[in-house]
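The values are calculated or read from the model by the stated rules, or taken from the named source; none is laboratory data. The structure presented is a predicted model; accordingly, all values stated were derived computationally and were not measured. Glycine also receives a Cβ, built like all others from the backbone with ideal geometry; neighbour counts cover every protein chain displayed. Side chains are part of the model used for accessible areas, which takes the heavy atoms of the whole protein and leaves out ligands, DNA and RNA. Shrake-Rupley method; radii C 1.70, N 1.55, O 1.52, S 1.80 Å.
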Amino acid sequence: MTINETAQSGRVAAGLAASAGGLAMAVTGVMQAMRPMDDDPRVLGEEHLMLGLFAASLILLVPGLVALARHGGRTALVGAVVVSAGHVLLAFGATSSNLRGEDYAWFPFVAVPANLGMLVGAIMMAVSLWRAGQVPRAVAAALPALWACEIILAQLGGGLIAGLYWLVVGVLLTSGTWRTRR
């Protein structure tokens, strides 16, 4: 296998993982949008499925983040690592809460740095990708807004928007059909 074939195979795998993560995030968003606002700290019924899908989507998006960042500069790669660390931390916290049936007392100590990392890393990636001009500017500019969709707007179905974004990015990564400016 040549270096180009290996790179293409890695890009396709990352695109498929991003698409799967996007699908899981979109399903979570639809499920959340169809439910009334919930302030009960317990995880009940279908919330177990939603938390499981959310955690899975966060992990599945990591290869897509790194593959997307490769179209930017070094700052984009650092940003992808920071976002990915946030995803892993938040997936750990969500899975722990899901298994326990409610958040542990330590959950805020995981969620706050995870969310901060996700937001800061997304901004780093967006700026670097914007400047590099190797992906559509809309793809770069939307990255920080994804955090708001995944976290702030989650109970309103914001995961649907984030999921659709990652489905599109996954297809673009898999096919290698970015439109770039010169």
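Filtering the stretch 132-144 to residues that are open to solvent by 50 Å² or more (accessible area, probe 1.4 Å) and not in a loop (DSSP other than H, G, I, E, B) leaves Arg137, Ala138, Ala141.
For the stretch 55-66, the count of residues that are farther than 25 Å from Ser84 by Cα and either assigned to a helix (DSSP H, G or I) or polar (S, T, N, Q) (or both) is zero. For the stretch 41-54, state whether one or more residues are open to solvent by less than 50 Å² (accessible area, probe 1.4 Å) and within 26 Å of Leu129 (Cα to Cα). Yes, the stretch 41-54 has at least one match.
If only residues of the stretch 22-40 that are open to solvent by 20 Å² or more (accessible area, probe 1.4 Å) and assigned to a helix (DSSP H, G or I) are counted, the one that is nearest to Ile151 (Cα to Cα) is Gln32.
Matching residues to (1) within 30 Å of Arg42 (Cβ to Cβ); (2) surrounded by fewer than 20 Cβ atoms within 10 Å (Cβ to Cβ); (3) out of contact with any Pro (no Cβ under 8 Å at 6 or more places or on another chain); (4) free of Cβ contacts under 8 Å to residues at least 60 places away in the same chain:
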{"position": "Ser97", "(1), (2), (3), (4)": "yes, no, yes, yes"}
{"position": "Ala111", "(1), (2), (3), (4)": "yes, yes, yes, yes"}
{"position": "Met118", "(1), (2), (3), (4)": "yes, no, yes, yes"}
{"position": "Trp130", "(1), (2), (3), (4)": "no, yes, yes, yes"}
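The condition of being open to solvent by 60 Å² or more (accessible area, probe 1.4 Å) and at pLDDT below 95 holds for Glu5. Restricted to the stretch 162-181, and to residues there that are part of a loop (DSSP other than H, G, I, E, B) and polar (S, T, N, Q), the residue that is modelled with the lowest pLDDT is Thr180.
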